[in-house]
Amino acid sequence: MNTIKIGWIGLGRMGTPMSGQLLKAGYDVMVYNRSKEKEESSKLIGATTASSPGQLIQQVDIVIVMVSDDLAIWEIFTGNDGLFSIMTTGKIIINMSTVSPSISKEMAYLCSQQNNHYLDAPVSGSVKQAEDGQLVIMVGGEKTIFEKALPLFEHLGKVVMRMGDTGTGNTTKLAINTLLAFHVQGLAETVVLARKNEIRIEDLITLINASALGNPLNKIKGDAIIQNNFKAAFALKHIAKDLRLAKNIGLTTPMGETAFKAFQLAEPALGEEDIIAIIKQIH
Ligand code: NAP
């Protein structure tokens with residue numbers, strides 16, 4: 001059993017398998033999720049639960065947060081029973097959600113007011129990589145705090161890199177997810193063009209995977225198109241959010257504008273489906 005006690009906030013598609021990795025590694029993990037029913041599967045594999053973020057932080061050494069967006073972070077940190085509702089010191093709070101660099105800077109400042117420490121540590125990879133501890137993790141924050149958190153990151157990811165000061169993990173993640181949006185939309189447009197010309201999509205995907213363009217993303221999303229399976233691994237609403245955040249930090253390029261518009265347009269109808277559901281609005 002590892003002696004460090006971990007608090008985990010956010011048991012969505014990513015948070016559940018990621019916290020599961022730490023339980024498997026022998027850490028004592030206390031979880032909190034806004035919707036209580038999502039705590040059940042973590043309890044079954046040994047997690048304890050807290051009734052609020054404020055209650056959780058008092059009982060652990062390191063808090064990891066994996067939730068949707070800036071608003072969720074704001075509520076979890078500054079809410080009535082949030083992380084800052086109780087005076088604590090010496091805690092490390094790691095925010096692995098994809099959020100803006102500006103909210104990370106704000107939360108890092110508020111953490112420092114209590115002598116707590118903050119790292120932004122968003123991830124690339126999806127549910128499968130989370131289940132296998134094979135994520136790619138990019139971290140912003142103080143080097144000494146990063147080094148303390150590194151053993152935890154090593155259970156979650158295959159590559160862990162400190163990018164610089166607070167917010168640089170978030171900035172890097174937004175740049176990477178811009179490429180993700182281009183890839184997904186590009187694959188969808190390729191399939192639409194081939195389909196229009198009566199090419200068998202199974203054959204097209206086989207050839208893409210065998211070519212220099214083959215990559216895990218094209219494989220997974222290509223299979224999803226073939227199987228007509230749009231159940232979210234990475235919900236389209238999250239990439240729409242990421243492109244809004246990317247725009248706020250300077251995404252004004254031609255493809256950036258196109259992807260931004262395409263995913264904002266798709267979000268109302270397709271937001272809860274997987275990102276590759278973008279194909280449904282391309283003709
Ligand atoms: P998800 O399945 O939609 O889960 C979202 C989590 O955030 C849930 O635990 C939800 O609680 C919580 N939440 C949302 N709003 C909240 C609020 N106001 N207060 C408290 N909790 C709140 O999301 P996910 O796919 O796990 O993604 C989590 C983060 O990782 C996002 O920033 C996403 O962009 C990023 N990410 C996702 C993937 C992926 O493939 N899925 C990959 C890389 C990065 P409830 O259960 O109560 O709604």
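The values are calculated or read from the model by the stated rules, or taken from the named source; none is laboratory data. Every value quoted in this text rests on a predicted model; they were computed, and no experiment measured them. Ideal geometry is used to build each Cβ from the backbone, glycine not excepted, and the neighbour counts take in all protein chains shown.
For the reader, a short list of remarks on this structure follows.
- In the condition set (1) within 18 Å of Ser97 (Cα to Cα); (2) touching an Asp or Glu at 6+ places or on another chain (Cβ under 6 Å); (3) not small (Gly, Ala, Ser), Phe230 is compliant with all but (1).
- Filtering the range 208-245 to residues that are more than 12 Å from the ligand (Cβ to nearest atom) and in a loop (DSSP other than H, G, I, E, B) leaves Ser211, Ala212, Leu213, Gly214, Asn215, Gln227, Asn228, Asn229, Phe230.
- Filter pass, Lys36 being at pLDDT 95 or above, more than 26 Å from Leu236 (Cα to Cα) and among the basic types (Lys, Arg): no
- Scanning the range 144-164 for residues that are among the small types (Gly, Ala, Ser) and either surrounded by fewer than 16 Cβ atoms within 10 Å (Cβ to Cβ) or within 16 Å of the ligand (Cβ to nearest atom) (or both) gives Gly157, Gly164.
- Considering (1) at pLDDT below 95; (2) near the ligand (Cβ under 10 Å from one of its atoms), the lone condition that Gly12 does not fulfil carries the number (1).
- Selected residue [at pLDDT 95 or above and closer than 22 Å to Thr172 by Cβ] from Lys247, Lys221: Lys247
- Residue in the range 51-72 that is near the ligand (Cβ under 8 Å from one of its atoms), under 25 Å from Arg162 (Cα atoms) and among the hydroxyl-bearing types (Ser, Thr, Tyr) present: yes
- Glu202 under 23 Å from the mean Cα position of the chain (by Cα) and on the phi < 0 side of the Ramachandran plot: no
- For His238, the requirement of being modelled with pLDDT of 95 or more and of a type outside the set (S, T, N, Q) is met.
- In the range 107-143, the residues that are away from the ligand (no atom under 16 Å from the Cβ) and among the acidic types (Asp, Glu): Glu142
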